[in-house]
Each structure stands twice: as structure tokens, then as C-alpha cells.
Amino acid sequence: MKNENNTLKIALVQSILHWENPNANRAMFSDKIEQIEEDIDVIVLPEMFTTGFTMSPQNIASEEGSLTLSWMKEIATLKDCAIIGSIVYNEKETYFNRLFFVKPDGETYTYDKRHTFTLAGEHKKYQSGKQRLVVAYKGFNFCPLICYDLRFPVWSRNTENIDILLYSANWPAPRINAWDALLKARAIENMVFCIGVNRIGEDNEGHEYPGHTSIYSPLGNEMALSKKEEILIVEITKNEIEKLRNKLTFLEDRDQFNLLD
């Protein structure tokens, strides 16, 4: 039986991505997910998992967003688990880097990337999001964020009893040390399990992605890390968070922030 004793089993899918080819990427991820033999509770995919990190959203047909959401719902039903990942989404000719959190019953939540990556001009192509998302699922509170959000600790701050911070990303090789360090820092400062799912391989713009999909414990201990194309299966328990927070009451001393647009 799944989720015994407040335990979650999570599949982190680290993969190459076919450039601006949603059909090929959906087929590829379907094949990968079909090979998961264990009962799992959550599947996490990289940022823009149907296209790669494209700054040409106009190249993606407007119907692809709804097609991918339908595909995610089918996978969630088939595997009886939640599935999470971001895609290029066209809403009335406004583009979003939109993450979907789809539960097994088809219930769907969305998060639009708050911190668009100005170095690549993402802010010129995609509308920035304004609201954070916290999803309750199987006894855990998830806060899913996207790539560049990782650099901004106030936006990631645990103010809503979050158990899992999750970053879906396309994080390139030249700055992978920052990725590793920041994931660990977000885990420690928020006393959460912190998960980062990155892609691997080279995109059509010549950017290399080294993976480093990983998970850190609420004390910042590395629980798993991958540098190759594979699916990491990790297991976490709610009891571990509760015991640590009862013993180490650091979150009670946190500063209060108000974000102003």
C-alpha cells in the first residue's frame, strides 16, 4: 500500500529534451515512465519538459499546452500518482512558463514562474507569475517552483508549513555549483526536503546541462544526486520533518517578510 506511515516515494526524471518538439518529448517521457515498476506517489519532470528552454514560444503551437496537460492527466491516472513539471503555455497570446501539479484524480494546480531569467531574455517572452503555490498531497505540503526562482530565498521562504520545496529546472553547466549550493541552502534554512530536477544534455542553443538532479534532507544532507540520464527513486517520511522541527525550533525565529510588487 502506498504512503504507509506518511511516506512518499518520488520519481525524479532526469532526461535529455528534444528541442521544441512536444510530440517527441511526450512519447519519450511516456516510455520512461512506463518502465517504472515500483509504486510511486509523485513524478517530477524538468522545466519546459516538452520543448527545452526555448525563447521562441511562438514556435510552439497554441494547442500544445492543453495537449500536454491532457497527457499529464493520463499519466497521473495510469500510474495512480501526482505528476509535476513546467511547459510553454499560451494563454490568449500571452506566454507563460507554467508548472502543472496534477493529482491522480485529475485535480490540477498551476504556478507561473515568478523570476523569469533575464540573462536569457525570458522576461521579454514570458509573463511573470505573481502567486506562489502550495499543494497538500498525501499528508505533505509541496511548494513547486521553477529554476531561477532558486536564487531568491525570500520567495522560497517557508511561511506556510511547507514540507517539500521542489524546483523544476533547465540549469546549465557553468553555474552548476550554484545549483548544488542553493538547493542545500534552501533545505537547511527552511527545514524542508528540497528537490531539484534538472535536464541533461545539450540544447539547440549550445547550452550544456549536466543534470545534478538531487534531494536534500531538512538538515541539508544529500540523499541522492545523479549526473546521468536516469530516473531517481527517492523515499521521504513526514516523521523525519516533524522530529527535527520539534527538536530544532529554528523556524520559530524566522524573520517576517512582505513582498511588494
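The values are calculated or read from the model by the stated rules, or taken from the named source; none is laboratory data. Since we're looking at a predicted model, the values are computed, not measured. With ideal geometry, Cβ positions are generated from the backbone for all residues, glycine too; neighbour counts draw on all protein chains shown. All accessible areas refer to the heavy atoms of the entire protein, side chains included, with ligands and DNA or RNA removed. Shrake-Rupley method; radii C 1.70, N 1.55, O 1.52, S 1.80 Å.
What to note about this one:
- Distance histogram in 5 Å bins (all Cα pairs of region 1-123, percent per bin): 2, 11, 21, 24, 19, 12, 6, 3, 1, 0
- For a label point 7 Å along the Cα-to-beta-carbon line of LYS125, residues of region 41-59 with backbone N under 18 Å: 46-59
- Cα→Cβ-extended label distance, 7 Å offset, between ALA178 and ALA27, nm: 3.7 nm
- A 1.4 Å probe run over region 205-261, with the rest of the protein chains in place, finds 67 Å² accessible per residue.
- Within the chain, DSSP assigns beta bridges of which about 70% are antiparallel (rounded to the nearest 5).
- Within the accessible area of the chain (1.4 Å probe), percent carbon and sulfur: 45 percent
- For the chain, relative contact order (Cα pairs under 8 Å, six or more residues apart, normalised by length) works out to 19 percent.
- Radius of gyration and maximum dimension Dmax of the chain, Cα, Å: 17.2, 52
- Kirkwood-based Rg to Rh ratio, region 127-260, C-alpha trace: 0.97
- Taking each DSSP H run with n ≥ 4 as -39500 (n - 2.57) and averaging over every residue of the chain yields -7000 deg cm²/dmol at 222 nm.
- Extension gain (nm, one decimal) between THR77 and ASN239, 0.36 nm per residue minus Cα-Cα: 55.6 nm
- Taking label positions 7 Å along the Cα-Cβ direction at both LEU219 and THR118, the computed distance is 3.9 nm, reported to one decimal.
- For the pair GLN35 and TRP155 in one chain, pulling the backbone fully straight at 0.36 nm per residue adds 39.7 nm over the alpha carbon distance.
- Label-point separation, TRP19 to SER56 (7 Å along Cα→Cβ), nm: 0.8 nm
- Those aspartates and glutamates that a straight Cα-Cα span of less than 15 Å connects to LYS227, excepting residues fewer than 8 apart in one chain: ASP180, GLU202, GLU208
- Between THR249 and VAL134, the contour length at 0.36 nm per residue exceeds the Cα-Cα span by 39.2 nm.
- Here, region 57-194 is characterised by an Rg to Rh ratio of 0.97, where Rg is the alpha-carbon radius of gyration and Rh the Kirkwood radius.
- Taking amide H as placed 1.01 Å from N in the peptide plane, the amide H of TYR95 sits under 5 Å from that of GLN127, each at least 5 places away or on another chain.
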